[in-house]
1. Select from segment 89-142 the residues that are free of Cβ contacts under 8 Å to residues at least 24 places away in the same chain, among the hydroxyl-bearing types (Ser, Thr, Tyr) and buried (at least 16 other Cβ atoms within 10 Å of the Cβ) and list them in ascending order.
2. For segment 362-374, which residues satisfy the criterion of being aliphatic (A, V, I, L, M) and buried (at least 17 other Cβ atoms within 10 Å of the Cβ)?
3. Could you list, in sequence order, all residues of segment 540-574 that are buried (at least 16 other Cβ atoms within 10 Å of the Cβ) and assigned to a strand (DSSP E or B)?
4. Working carefully through the options ASP377, ASP447, ASP434, find the one that is open to solvent by 80 Å² or more (accessible area, probe 1.4 Å) and at pLDDT 80 or above.
5. Name the residues in segment 143-155 that are open to solvent by 20 Å² or more (accessible area, probe 1.4 Å) and without any contact (Cβ under 8 Å) to a residue 60 or more places away in the chain, would you?
6. Could you say which residue among LEU33, LEU22, LEU18 is more than 30 Å from ALA118 (Cβ to Cβ), open to solvent by 70 Å² or more (accessible area, probe 1.4 Å) and touching a Leu at 6+ places or on another chain (Cβ under 8 Å)?
7. Does segment 587-596 hold any residues that are buried (at least 19 other Cβ atoms within 10 Å of the Cβ) and more than 18 Å from PHE610 (Cα to Cα), and which are they?
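The values are calculated or read from the model by the stated rules, or taken from the named source; none is laboratory data. Not measured: the values here are computed from a predicted model. We place every Cβ from the backbone using ideal geometry, glycine too, and count neighbours over all the protein chains shown. For accessibility, only protein heavy atoms count, side chains too; no ligands or nucleic acids. Shrake-Rupley method; radii C 1.70, N 1.55, O 1.52, S 1.80 Å.
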Amino acid sequence: MFMTSIETTLSRRSLVKLRKRLALLTMTGVFVLLFSFFFIQKTLYDSAVEHARSQIAATVYRLGLVLLQHSTVDLQKIVEGNSGITIGLLNGKLEQVSGHIPPHLIGDLAEYIAKQPADRDSLLCVHGQQVMIMAYSKLPDMDRVVVAYTPRSKLMETWREAIILHALLFVMAMTVLCGLAIWLWQRLKRQHLRAANLADHFSDTENALSECGCAAISWPVDTPDGRLITQMNWPEILGPANESIKPLLTEFLDRLSPSSMAKLRGPLIDNVWPDARIGAMVDMQIDASRTQRFYLMAHRFTENERDFVSVLLLETAAQQELCHPFETYLRHTPEPSIAVDTDGILHGFSPAFEELVGTRLYNLIGQPFFKLFEPEDQQIAMASMATSRPLRENRKSGDTKQILRLRDRNDNVRWLSWHAIGPFDGMTFSSARDVTEFIENANKLRDTLDQLKRSNEDLEQFAYVASHDLQQPLRMVASYTQLLKKRYGGTLDQEADEYIDYAVDGAKRMHKLISHLLEYAKTGTNQDFSTVDCNQVLNEAQADLKAIISQEQATITHNELPNLMGNRIGLSRLFQNLLSNAIKYRRPGVPPHIDITVEPDSPSGDFWRFSVRDNGIGIHPEHAQRIFRLFQRLHKDEFSGTGLGLSMCRKIVEQHGGKIWLDTTRPISNPGATFIFTLRASRSE
């Protein structure tokens, strides 16, 4: 607030206020010094008195010890070096035996001993203007009391010396404080004179700023009437000199164009500041038919616990900004960025891009921008710009995205994802993000997935070949074992017949296991997806299980099932395995009942959720993950099987883009198991 700080009357008022504050500060300092002086002296006095009492008490105690050793000694002669101390000797009744103790001191001693019956102590005796420090020490073995007293003034000489020294220091501190106050007083007076001299030259400065097209206004944020407290060059800049412009905030805001008002409404009207200082290009109406372009700088500050706003307006020439927009963008963007014209010529770059690439960028200014990139990617960069140019000719601005390689300052290849927008006033802005780590990780992931895919294909091929090739020797073992049982059954002993039965049964189970393993290996090899009606697929699965359904008197209910993209054979195996498991693991004496429901799994309808619910023996939740693994069986002794049924179901569901799991929320009181699986409604690419 330079203009207001050098104004004469305001400076005089400020000077008076500062002088009052300086006087108050000086008086406060004097009071603090006085209080400190008296507090220190009181502390020193109390300490000196306590020291004197302890000193004379120690003397009396030592005299008592001497008297115990030499009963005839003259105690007064021992303390002759300290002429201020008087020694006396009393008996147990406090009657004077030797020495001279005034009667009033003996009376004070008697009263003190009556209240505090200690063997030795010290006390103060005050009589008129005279203060005595007295100490005593009882000698019970001799029925004597050694008493000593001295005037307090004799023992306080050290304190008097200290108080004199502190008084001198206090006077020195007061002198320095008063001298400093006088010096500050004179300096404030000189500052006032300087402000008056500057005010004389202020009109010349104001005229110079007016010639440069500069105006300044300010107002308090909480102004009740909107009156401006500063309006330098306000009428000269915003209108003819003879035009009457009221110094009001509303007069300034009404002259802003609607777009400029929208940009400045937050800080200037709603008092919402993104920063303490803002700048913007604005249009202001300077007369009834003409607007002028200004660069506006607004600043918010606090003075005397009030918030103020100051605004600086600077005229700009027609069709001219303070700087080109791309320079401002490149200077402030935190990302690696470049500015390219419509001919593909590089005009500028951001500090972040220079930090990444190095100083060789300065040699590329004015050159085609594609020279930034690796030779293999230069054609891609040129093609990207060529293909986006027709779009830009048909619309105001366009944007393109591309991933290109370049060399950093250490000559390492970096992958950058570029996002270009524009053109704006013939300039296209492109910002980049370093995606080198992402590209490298993606390549590693792609290689890993390729290896995993080849490994899975090899494993499936191995499982298929192994299970297929094992069929022939297994058929031979099973045939000859059955032939052995048919020819020699009953001719050998009972143990031999039992061994033959074991071999025949094992061959049958091995044949069944290999058949299921072959079926598991074949699952998913046919990726022929088409529109499938799940109602027909379920009917086909029931037809394949017609015999066991009729034998066990099972009932199967379902609501209307949807059509979806999938493999018909795979979905048929899925329903067939789930239905056969539900019938196999039934409860004794309870006819199996299976209910199949379906509903959309997501609001977008991308998946269908199927629920297959039965009333069998159920599955404990702790086995919810185990049952989907290969060759995992929970009831090996009670039920036959290979442990591949649910594994095959999971494989089919995952090949259709879904998931399958056991519903573990089903209460124990409701027996049975519920399997839930999801299938994609349409085939994903």
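1. Hit for segment 89-142 is TYR112, nothing else.
2. Of segment 362-374, the ones aliphatic (A, V, I, L, M) are 364-365, 372.
The answer is LEU372, and nothing else.
3. Correct list: ILE556, HIS558, LEU564, MET565, GLY566.
4. Details: ASP377 fails: open to solvent by 80 Å² or more (accessible area, probe 1.4 Å); ASP434 fails: open to solvent by 80 Å² or more (accessible area, probe 1.4 Å).
Exactly one of ASP377, ASP447, ASP434 is open to solvent by 80 Å² or more (accessible area, probe 1.4 Å) and at pLDDT 80 or above, namely ASP447.
5. In the first step, residues of segment 143-155 are kept if they are open to solvent by 20 Å² or more (accessible area, probe 1.4 Å); the result is 143-144, 149, 151-155.
Answer for segment 143-155, where residues must be open to solvent by 20 Å² or more (accessible area, probe 1.4 Å) and without any contact (Cβ under 8 Å) to a residue 60 or more places away in the chain: ASP143, SER153.
6. Working: LEU33 fails: open to solvent by 70 Å² or more (accessible area, probe 1.4 Å); LEU22 fails: open to solvent by 70 Å² or more (accessible area, probe 1.4 Å).
Unique residue meeting the criteria: LEU18.
7. Of everything in segment 587-596, just one residue is buried (at least 19 other Cβ atoms within 10 Å of the Cβ) and more than 18 Å from PHE610 (Cα to Cα), namely PRO592.
Residue-by-condition table, conditions (1) open to solvent by less than 30 Å² (accessible area, probe 1.4 Å); (2) modelled with pLDDT of 70 or more; (3) outside any helix (DSSP H, G or I); (4) among the hydrophobic types (A, V, I, L, M, F, W, C):
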{"site": "ASP501", "(1), (2), (3), (4)": "no, yes, no, no"}
{"site": "MET510", "(1), (2), (3), (4)": "no, no, no, yes"}
{"site": "HIS516", "(1), (2), (3), (4)": "no, no, no, no"}
{"site": "THR531", "(1), (2), (3), (4)": "no, yes, yes, no"}
